[in-house]
């Protein structure tokens, strides 16, 4: 039946512009370009992120959570690149913060021990 997650998908207004943003700000690599979408590789992880053009009225409520071993460094790097980042939070198991792409899609970075 279902064997794996093939990709995570976010809706954006302009795939070309958003693809450039994900490359420049997050260091993702565009591994495939299709008409109205881009498939982005994230480090050496096997599950890519797909950004797909659509008429975006409001950002998606679903969001990917990315992992970073050095979340404080990641936070500062995103701020230096003028990415819209939220406050850092901790709970019993995680250290995390939200940030947002050009279309207002929520993204999150976490670190756990």
Does the range 79-99 include one or more residues that are part of a helix (DSSP H, G or I), over 17 Å from residue 10 (Cβ atoms) and at pLDDT 95 or above?
yes
Scanning the range 52-65 residue by residue, those outside any loop (DSSP other than H, G, I, E, B) and either over 26 Å from residue 95 (Cα atoms) or modelled with pLDDT of 95 or more (or both) turn out to be 52, 53
Those residues of the range 16-53 which are exposed (fewer than 15 other Cβ atoms within 10 Å of the Cβ) and either touching a strand residue (DSSP E or B) at 6+ places or on another chain (Cβ under 7 Å) or within 22 Å of residue 85 (Cα to Cα) (or both) amount to 17, 20, 23, 24, 27, 29, 31, 32, 36, 43, 47
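The values are calculated or read from the model by the stated rules, or taken from the named source; none is laboratory data. These numbers come from a predicted model, not from an experiment. Every residue, glycine as well, gets a Cβ built from its backbone with ideal geometry; the counts of neighbours run over all protein chains shown.
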